[in-house]
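The values are calculated or read from the model by the stated rules, or taken from the named source; none is laboratory data. These figures come from a predicted structure and were not determined experimentally. All Cβ positions, glycine included, derive from the backbone under ideal geometry; neighbour counts span all protein chains shown.
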Amino acid sequence: MSGILSGVRVLDLTNVLAGPFATLHLALMGAEVIKIENPKDGDLARKLGILPELNDQLMGTSFLAQNANKKSVTLNTKSVEGKELFRLLVKDADVLVENFRPEVMNRLGLGYEVLREINPRLVYCAISGFGQTGPDAFKPAYDQIIQGLSGEMAVNGDERLSPLRTGFPVCDTVGGLNAAFAIMAALYHRERTGVGQFIDVALLDSIMPLMGWVAANLLIGKKQPVLMGNDNFTAAPSGVFRTADGHVNIAANKQEQWESVCDVLGVPELKADERFQKRDTRKKNRKALTPLLEAKLAERSTREWVELLNARDVPSGEILSLEDALHQPQVRHRETLKEIPVEGIGTVPLFALTAKFRDTPGEITSPPPRLSAHTAEVLARVGVTPDQLAELKSRGIV
């Protein structure tokens with residue numbers, strides 16, 4: 001079975017995370033993703049990671065995480081010959097993805113208006129911190145900068161710890177998903193019209209709709225967000241609670257779930273307490289409610305409470321370490337991670353496509369590539385002979 005994007009060719013000029021995360025999803029769905037890298041040291045992510053020995057090989061853990069199923073081609077697009085080769089590659093490409101600052105591709109003479117003349121069917125996606133236009137368009141941006149400017153850091157934490165950064169690059173990864181989603185939509189549009197188009201994806205734009213409920217409370221309800229730490233503002237009891245051996249997540253968002261919590265914990269009298277009878281009054285009185293619940297939760301282990309509560313249809317769960325989360329039975333069953341052999345490194349676990357297509361499943365078919373591993377193969381398609389390739393290499397063009 002071939003992937004759902006089999007036959008789609010993508011030129012990937014992106015670096016580090018947002019762009020590579022977008023093209024990773026295209027690659028996992030079967031697209032041929034040709035990663036265009038600078039001949040010296042390639043994608044910066046090749047040097048980013050916790051293992052110095054892999055960074056020295058230009059195969060850092062950050063690169064390994066985002067680049068399975070891709071082909072690596074080195075090309076100096078600042079040189080005359082490099083530009084010409086790139087234009088030849090564009091002729092039969094379906095998608096181009098880049099995450100430079102605005103106008104960089106135009107200054108190279110490789111902007112969308114130029115490339116669409118070569119290939120009107122090209123879907124061109126530009127990913128940047130702030131978008132291609134506007135007062136902040138040309139400012140530098142990393143994930144943490146966008147986390148701060150989006151308001152995302154301001155709604156995390158509690159009165160003791162705020163602002164608080166999310167523990168992974170959420171803006172970069174969401175920006176990458178937004179780009180992949182947009183590219184798929186543009187390809188669908190092209191199937192109906194025969195024409196490609198330009199897509200402008202900004203990390204700042206991408207993250208803000210994820211705060212839709214919080215933002216709606218402010219924009220529509222005129223209520224400023226309240227720092228609640230591990231509590232859920234939509235209901236009570238809904239959040240993190242202490243148990244005999246740690247903590248448990250409980251999300252009793254419905255009235256019947258609240259009543260089941262009281263029954264399971266052996267405190268049925270709380271159902272009749274006027275402070276806790278209704279959803280909105282429970283929310284207002286959560287600071288009084290939590291200690292009453294935790295006094296009972298302290299009598300059993302987290303795992304015991306999870307089993308008892310889930311048996312009564314009250315959503316609850318353990319709070320796992322990252323290591324335990326990655327190896328839990330449900331994750332193994334879903335094959336979220338696949339063991340992939342990488343030459344010179346060994347077998348490494350990589351995330352597979354998490355959307356399960358019945359008829360066209362996404363698979364990891366090749367490991368993240370060594371720098372320039374596919375230059376000869378790809379450039380041969382546009383007529384570059386082995387002798388010409390050797391000449392280009394001697395001049396630093398590939």
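Of the residues in region 265-275, none is in contact with a Phe, Trp or Tyr (Cβ under 6 Å, 6 or more places away or on another chain) and in contact (Cβ under 8 Å) with a residue 60 or more places away in the chain. Being crowded, with 21+ Cβ neighbours inside 10 Å and either closer than 26 Å to GLU191 by Cβ or more than 24 Å from the chain's Cα centre (by Cα) (or both): is that true of ILE118 here? Against the criterion (crowded, with 21+ Cβ neighbours inside 10 Å and either closer than 26 Å to GLU191 by Cβ or more than 24 Å from the chain's Cα centre (by Cα) (or both)), ILE118 does not qualify. When region 255-280 is limited to residues that are under 21 Å from GLY229 (Cα atoms) and modelled with pLDDT under 95, the one that is surrounded by the fewest Cβ atoms within 10 Å (Cβ to Cβ) turns out to be ASP280.
The residue list THR133, THR173 contains one member that is at pLDDT 95 or above, polar (S, T, N, Q) and either outside the structural domain of VAL16 (by TED's automatic domain parsing) or within 28 Å of ARG87 (Cβ to Cβ) (or both), which is THR133. Polar (S, T, N, Q), over 16 Å from PRO369 (Cβ atoms) and in contact with an Asp or Glu (Cβ under 9 Å, 6 or more places away or on another chain) - does that describe any residue in region 4-25? Yes, there is a match, as at least one residue in region 4-25 is polar (S, T, N, Q), over 16 Å from PRO369 (Cβ atoms) and in contact with an Asp or Glu (Cβ under 9 Å, 6 or more places away or on another chain). Only one entry in SER72, SER62 is touching a His at 6+ places or on another chain (Cβ under 6 Å), of a type in the set (S, T, N, Q) and in the same structural domain as PHE138 (by TED's automatic domain parsing), namely SER72. When VAL398, VAL378 are checked against the criterion of being in a loop (DSSP other than H, G, I, E, B) and either touching a strand residue (DSSP E or B) at 6+ places or on another chain (Cβ under 6 Å) or more than 30 Å from VAL331 (Cβ to Cβ) (or both), a single residue qualifies: VAL398.
All told, ARG370 meets the bar of being in the same structural domain as ALA27 (by TED's automatic domain parsing), assigned to a loop (DSSP other than H, G, I, E, B) and either of a type in the set (S, T, N, Q) or within 21 Å of LEU13 (Cα to Cα) (or both). Being at pLDDT 95 or above, at positive phi and assigned by TED's automatic domain parsing to the domain that holds VAL95 is a condition met by no residue of region 153-170. Checked against (1) more than 25 Å from ALA31 (Cβ to Cβ); (2) under 25 Å from the mean Cα position of the chain (by Cα), MET105 passes all but a single condition, namely (1). Quick check on this structure: which one of THR166, THR133 is under 22 Å from GLN197 (Cα atoms), surrounded by fewer than 17 Cβ atoms within 10 Å (Cβ to Cβ) and hydroxyl-bearing (Ser, Thr, Tyr)? Going through THR166, THR133 in turn, the sole match is THR133. When every residue of region 190-203 is checked against the conditions, at least one turns out to be modelled with pLDDT of 95 or more and closer than 22 Å to LEU164 by Cβ. Taking the criterion of being over 14 Å from LEU289 (Cα atoms) and small (Gly, Ala, Ser), the residues of region 210-241 that qualify are GLY212, ALA215, ALA216, GLY221, GLY229. The set of residues in region 153-180 that are of a type outside the set (A, V, I, L, M, F, W, C) and closer than 15 Å to MET228 by Cβ comprises ASN156, GLY157, ASP158, GLU159, ARG160, SER162, PRO163. Of the residues making up region 276-301, those that are basic (Lys, Arg), free of Cβ contacts under 8 Å to residues at least 24 places away in the same chain and in a helix (DSSP H, G or I) number 2. Being more than 25 Å from the chain's Cα centre (by Cα), surrounded by fewer than 16 Cβ atoms within 10 Å (Cβ to Cβ) and either assigned by TED's automatic domain parsing to the domain that holds ILE250 or not in a loop (DSSP other than H, G, I, E, B) (or both) is a condition met by at least one residue of region 212-222.
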